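Below is one structure, written out as structure tokens, with a few remarks after it.
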Amino acid sequence: MKDPYSVIKTLLVTEKGTKLQTLNNQYAFSISPDANKIEVRQAVEKIFDVKVVSVNTMNRKGKRKRNRRWQYGKRADWKKAVVTLEEGFTIDLL
């Protein structure tokens, strides 16, 4: 098993993520690109001491950005996980 802190990078705090937290008890994480659903489940359960019902993962493409005059670069690709917790479990954001 991988180190849980190398699987999960950050907890994403966005408007959509906050809405998911309040309505569906779901939390969004930025995760390592080579992590799978089983590793994410184990890492969240170990770090936050909660019970996970399901994990959904998605690969996000980096945006194309203009650097200088007509030179373009690209932000890094990243992977996102939306984790659904059991009733009665929450993750403290502070």
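Determine, for each peptide in 55-68, 9-22, 74-87, the mean count of other beta carbons within 10 angstrom over its residues, then list the peptides with the highest first.
74-87, 9-22, 55-68
Return an integer: the convex hull volume of the alpha-carbon atoms of the chain, in Å³ per residue.
Output value, Cα hull per residue: 116 Å³.
If I model a spin label at Glu45 and Thr84 as a point 7 Å from the Cα along the Cα→Cβ vector, what separation in nanometres do I get?
About 1.7 nm, to one decimal.
So if I place +1 on the C-beta of Lys and Arg and -1 on the C-beta of Asp and Glu, and nothing else carries charge, what would the dipole magnitude of the chain be about its Cα centre? I want it in debye, nearest 20.
1180
Does the range 48-89 classify as rounded, prolate or oblate by the C-alpha gyration tensor (a ≥ b ≥ c root eigenvalues; a/c under 1.5 gives rounded; else a/b over b/c gives prolate, otherwise oblate)?
Here the range 48-89 falls in the prolate category.
Calculate the length of the line joining the C-alpha centroid of the range 32-61 to that of the range 77-94, in whole Å.
So the two Cα centres are separated by 8 Å.
Work through the residues other than Phe29 whose Cβ is under 10 Å from its Cβ and net out their charges, Lys, Arg +1 and Asp, Glu -1.
Value of the local net charge: +3.
For the chain, build the charge dipole from Cβ charges (+1 Lys, Arg; -1 Asp, Glu) around the Cα centre, then report which of Leu85, Asn25, Ser6 sits farthest towards its positive end.
Ser6
The numbers here are math on the coordinates, done by the rules we state, and not lab data. Computed from a predicted structure; not experimentally measured. Cβ atoms come from the backbone with ideal geometry, glycine included; neighbour counts cover every protein chain shown.
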